[in-house]
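S.K.: Pasting a structure here, questions to come.
The values are calculated or read from the model by the stated rules, or taken from the named source; none is laboratory data. Nothing here was measured: the structure is a model prediction, and the numbers come from that model. Methodologically, a virtual Cβ is constructed for each residue, glycine included, from the backbone with ideal geometry; neighbour enumeration extends over all protein chains shown. SASA here: full protein model, heavy atoms, side chains in, ligands and nucleic acids out. Shrake-Rupley method; radii C 1.70, N 1.55, O 1.52, S 1.80 Å.
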Amino acid sequence: MRRKEPISTGSEWTFPLIQEYDRVIAEIAQEFRLDTYPNQIEIISSEQMMDAYSSIGMPVGYHHWSYGKQFLQTQQNYQRGFMGLAYEIVINSNPCIAYLMEENTMPMQALVIAHACYGHNSFFKNNYLFKTWTDASAIIDYLVFAKNYVTQCEERYGVREVERVLDSCHALQNYGVDRYKRPSPISAAEERARQEEREAYMQQQVNLLWRTIPVPESKKEEETRSRYPAEPQENILYFIEKNAPLLEPWQRELVRIVRKLAQYFYPQRQTQVMNEGWASFWHYTLMNELYNRGYITEGFMMEFLQSHSAVVYQPPYDSRFYSGINPYTLGFNIYRDIRRMCENPTDEDREWFPDLAGTDWLDALHFAMENFKDESFIQQYLSPKVMRDMHLFAVFDDENESEYEITAIHDEQGYRKLRSLLAEQYNLSTREPNIQVVDVDLRGDRAITLRHTRHNNIPLNKDAEEVMKHLHRLWGFDVHLHSVDGDVLRQSYHMPPKDKSPDQALEEGLKYV
Amino acid sequence: MINSYVIDRRLNGKNKSAVNRRRFLERYRKHIKKAVNEAVNKRSITDMEHGESISIPQEDIHEPTIGHGQGGTRTIVNPGNKEFNTGDRIRKPQGGAGQGQGGGDASNTGEGMDDFTFTITQDEFLEFLFEDLELPNLVRKDLKEMSDFVYRHAGFTNQGVPNRINIVRSMRNAHARRIALSGKSRRRVKELKGLIEDEMAKDEALRDGRALADWQEELQRLETKIKRLPFIDDFDLRYNRNEKVPVPSNAAVMFCLMDVSGSMTQNTKDMAKRFFLLLYMFLRRNYEKIEVVFIRHHTSAKEVDEEEFFYSRETGGTIVSSALRMMSDIVKDRYPPNAWNIYAAQASDGDNWNDDSPQCRELLANSIMPLVQYYSYIEITPRDHQALWYAYEQVRKEYPDSFAMEQIIDPSDIYPVFRQLFQRKSA
């Protein structure tokens, strides 16, 4: 089964070599039933990688100063040697675009191809979140559309004006997603076609809502009691796009663009552990397979293993490199353990995972990848062995106590608790404060009221006030935010603040606008 | 099955972020300008022209997003347990965020403290340095002897050099000529082809062999004739014609007058040089064609070159009028005021031979000011003003628009004063 001649021996890569490695890896990947979009592998220089970095990896993006900031930061860090650049960036599109840096050695390129072009790619294509929430074939078109639209607005209304709206939208972009409702797919062509129509229609809707024609007394009574919105709204940007009284149609479009892009990235934020773990599992498996079949040399394998172990290294909690759990490590460990439990189950595994023990590992693995997100994936598959291997332990922190308490460790009593706690930690809806629009004073001062429902009585960070200013800018009238723990009102934010005149406060508040 | 495409993108533009970078610099101009101003004062004379590292406080460029703050209760799962058991209690570290909080959301707690630092290029540095500055009262002077020309497009000609060939015009002519010369033949060719075809369609026995042969011969003859027509001919060629058009020039000359007398300490001289260097860099950057005349003086004046002006160390007494006289001589000789915009900048510590100051006023008011667009005087002294300053004040009264004077006390004044002297005035 072993070949006599490896594909290459040196560390230099060439285009024919990359193609050859890709071909072989694709063959093996197919044996493992990895189902992928076609790959578009692009070789770029380190400068281009920095460009790609600063536009969140998007091949085209609208212009905004914050991307310039990102770029300068990356450039500075890179030039001072504070950080290496990522070896690759991969984009959830069809064809799936992967950037490879020209500085990489041949083993690195092969690793990256296995990781991005077959790992991430198959994840994008088959995970249910990506399947239902994103449309890989339309994203590039949509990005081009967004870029052109923003440029058009800049020409018509001035860079400054556009920047103000985008700044405010960016501040709220985590609140621009539908968490439960499936959004309509993104499409540039439709967007363009519907745009004008929508502009007119939307303005009409808003006007309807804010109609000031007097209403007969009896009806008025009734309406003061009915709330608007009838149900609390979690998608704040959507609510603004549809209801903000003073926005121009083009400003609504900008809100929509930011919202749509945030929605597009939402699945990625929910599947970090799964996605990186999956890609790491497959680069590891595919490279080992290449080695077993004699395609690559021992030297090649050594270099690969060194990079691999750097990628999946988890510093312990007391290391100065520690910055939380490494999603690569956690994901990789879980997938690998699924395979182990299928192939060589122990008594413990039979007790904990009776459905896995002794079944076909490929079936189990694909099922795990396709049907979960981080939270449910961990809840379902984190095994006692992985908890033991990673020496996981849970620390309880109460601000009113002077001590931390260890509530669970990797032992018989702790497994279940630890697993639930870790799963909860990856639940995006508890990771991010839960803020919803609860009321708009339609007949009065048009103030919008939001409610923050505290999770474990954790307050908002100090940015909240700043973000309220941005919300105020979009909404155009007073903004109130109440932070509530259970039924107890803990803190209220008002924009403009209650003790200042509205204009003055806004001027002071927004720096450099 | 090939499912992958490998594309070499390295040759594509790498400056995709240029626009965004520009936007960022625009947004934080205030900070950058401040840093540039500070840098100018710190740098040594020889070291003016390179980029600069800019720091902006992190909080100013922070993009706010809502997240969880500190407080409340939370449980965080960490890896790498060595000694803990369930139920253990650990004292919290004193003072701020400990390890525990790092887990969930590292966005603001981790960094926060450091300034945001990045580098601007030399070009950007100078741009920020000299932004909004200009030579005042610059006008285009009409010249009898025009020395400035521009080439303007002025129609087409049928003679010229090959690099001026207008391809579209030439090909259009060639096409037209070919149509004109071959029209009759091609019409006949069409006709003949029709005849031959008709004839060939007939039954073999009914064909007129002789006529057919004639037609075919004629057809061949015509076709060679058409083929012989040259595709392009000499008289098809058209050339772009350019015309030399004289333009009024805005030639300008700057006189730099520096006092190097004994009363000027090394420190004062350094400041004067620094001022002139700034001026010189500004002129070189913003005005393509500008002449600079360097004059240094103690008791007598001397025209020197750039090198000597900035680096030589000659000293003596002080007679300021010597420099003014020399300047007015040089203007007479070389820079006729109807052809040149004339500027002057003078730096001194204010010390002068007592009898000389009225003379300076005289010279300036009567023979120099009428000729120049702008005259700026800086006095570098921490002491009280002397006769020269008061003499110059009278000049300023007479020429409030074109005469400016400022005092510099320590190096940090240089750049602000420089800016003040050359600030762009809104029209």
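S.K.: So B:Gln266 clears everything in (1) in contact (Cβ under 8 Å) with a residue 12 or more places away in the chain; (2) open to solvent by 40 Å² or more (accessible area, probe 1.4 Å) except one condition, right? Which one?
M.R.: (1)
S.K.: Given the criteria closer than 30 Å to A:Ser66 by Cα, at pLDDT 80 or above and either in the same structural domain as B:Pro411 (by TED's automatic domain parsing) or not β-branched (Val, Ile, Thr) (or both), does B:Ser4 qualify?
M.R.: no
S.K.: Residues to consider are A:Ile113, A:Ile91; find the one that is at pLDDT 90 or above, within 14 Å of chain B (Cβ to nearest Cβ) and open to solvent by less than 10 Å² (accessible area, probe 1.4 Å).
M.R.: So the residue among A:Ile113, A:Ile91 that is at pLDDT 90 or above, within 14 Å of chain B (Cβ to nearest Cβ) and open to solvent by less than 10 Å² (accessible area, probe 1.4 Å) is A:Ile113.
S.K.: Residue under question is A:Ser420, and the condition is that it be within 8 Å of chain B (Cβ to nearest Cβ) and open to solvent by 40 Å² or more (accessible area, probe 1.4 Å); does it hold?
M.R.: Values: within 8 Å of chain B (Cβ to nearest Cβ): no; open to solvent by 40 Å² or more (accessible area, probe 1.4 Å): yes.
Judged against the criteria, A:Ser420 is not a match.
S.K.: May I pose another question? Kindly list, by first and then second residue, each pair from a residue in the stretch A:373-387 that is in contact (Cβ under 8 Å) with a residue 40 or more places away in the chain and within 21 Å of A:Asp411 (Cβ to Cβ) to a residue that is in a helix (DSSP H, G or I) and of a type in the set (Gly, Ala, Ser), limited to pairs with Cβ atoms under 7 Å and residues at least 6 apart or on different chains.
M.R.: A:Ile378/A:Ala423; A:Gln379/A:Ser420; A:Gln379/A:Ala423; A:Tyr381/A:Ala368
S.K.: Is it true that some residue in the stretch B:42-64 is open to solvent by less than 60 Å² (accessible area, probe 1.4 Å) and within 30 Å of A:Arg419 (Cα to Cα)?
M.R.: no
S.K.: Of all residues in the stretch A:43-69, which are more than 22 Å from the chain's Cα centre (by Cα) and crowded, with 21+ Cβ neighbours inside 10 Å?
M.R.: Residues of the stretch A:43-69 that are more than 22 Å from the chain's Cα centre (by Cα), as a first pass: A:43-48.
Listed by number, the residues that qualify are A:Ile44, A:Gln48.
Each row is one residue, and each column tells you yes or no for (1) touching a helix residue (DSSP H, G or I) at 6+ places or on another chain (Cβ under 8 Å); (2) exposed (fewer than 14 other Cβ atoms within 10 Å of the Cβ); (3) touching a residue at least 40 places away in the same chain (Cβ under 8 Å).
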{"site": "B:Arg10", "(1), (2), (3)": "yes, no, no"}
{"site": "B:Lys33", "(1), (2), (3)": "yes, no, yes"}
{"site": "B:Thr73", "(1), (2), (3)": "no, no, no"}
{"site": "B:Pro79", "(1), (2), (3)": "yes, no, no"}
{"site": "B:Lys82", "(1), (2), (3)": "no, yes, no"}
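S.K.: Could you count how many residues in the stretch B:316-336 are outside any loop (DSSP other than H, G, I, E, B) and within 19 Å of B:Ala251 (Cα to Cα)? Before you say what the answer is, go through the steps one by one.
M.R.: Initial filter on the stretch B:316-336 (outside any loop (DSSP other than H, G, I, E, B)): B:320-334.
Keeping just the survivors that are within 19 Å of B:Ala251 (Cα to Cα) gives B:327-334.
Counting residues in the stretch B:316-336 that are outside any loop (DSSP other than H, G, I, E, B) and within 19 Å of B:Ala251 (Cα to Cα) gives 8.
S.K.: From B:Ala180, B:Ala154, grab the single residue that is surrounded by 11 or more Cβ atoms within 10 Å (Cβ to Cβ) and either modelled with pLDDT of 85 or more or outside any helix (DSSP H, G or I) (or both).
M.R.: On the way: B:Ala180 fails: surrounded by 11 or more Cβ atoms within 10 Å (Cβ to Cβ).
Exactly one residue qualifies, and that residue is B:Ala154.
S.K.: Further question: Do we find a residue being free of Cβ contacts under 8 Å to residues at least 24 places away in the same chain and open to solvent by less than 20 Å² (accessible area, probe 1.4 Å) anywhere in the stretch B:311-320?
M.R.: No, the stretch B:311-320 has no match at all.
S.K.: Take the residues in the stretch A:439-461 that are touching a residue at least 40 places away in the same chain (Cβ under 8 Å) and open to solvent by 20 Å² or more (accessible area, probe 1.4 Å); name whichever of them is farthest from the other protein chains (Cβ to nearest Cβ).
M.R.: Among them, the one singled out is A:Arg443.
To keep it simple, each residue is scored yes or no on (1) under 22 Å from A:Phe123 (Cα atoms); (2) within 14 Å of chain B (Cβ to nearest Cβ); (3) within 24 Å of the chain's Cα centre (by Cα); (4) of a type in the set (Val, Ile, Thr).
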| position | (1), (2), (3), (4) |
| --- | --- |
| A:Thr285 | yes, no, no, yes |
| A:Thr297 | no, no, no, yes |
| A:Tyr317 | no, yes, no, no |
| A:Arg340 | yes, no, no, no |
| A:Asp349 | no, no, no, no |
| A:Ala357 | no, no, no, no |
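S.K.: OK, next. Just a yes or no: is a residue in the stretch B:222-236 within 30 Å of B:Glu303 (Cα to Cα) and open to solvent by less than 40 Å² (accessible area, probe 1.4 Å)?
M.R.: no
S.K.: Evaluate the stretch A:311-322: report whether one residue or more is touching a helix residue (DSSP H, G or I) at 6+ places or on another chain (Cβ under 9 Å) and over 28 Å from A:Tyr266 (Cβ atoms).
M.R.: Checking the stretch A:311-322: at least one residue is touching a helix residue (DSSP H, G or I) at 6+ places or on another chain (Cβ under 9 Å) and over 28 Å from A:Tyr266 (Cβ atoms).
S.K.: Residues that are facing another protein chain (nearest Cβ under 7 Å) and modelled with pLDDT of 70 or more, at least 1 per element: which strands (runs of 3 or more DSSP E) completely within the stretch B:38-143 meet that?
M.R.: The qualifying strands (runs of 3 or more DSSP E) are B:73-78, B:89-91, B:116-120.
S.K.: Here's a follow-up. Has the stretch A:255-276 got at least one residue that is open to solvent by less than 10 Å² (accessible area, probe 1.4 Å) and more than 23 Å from A:Tyr180 (Cα to Cα)?
M.R.: no
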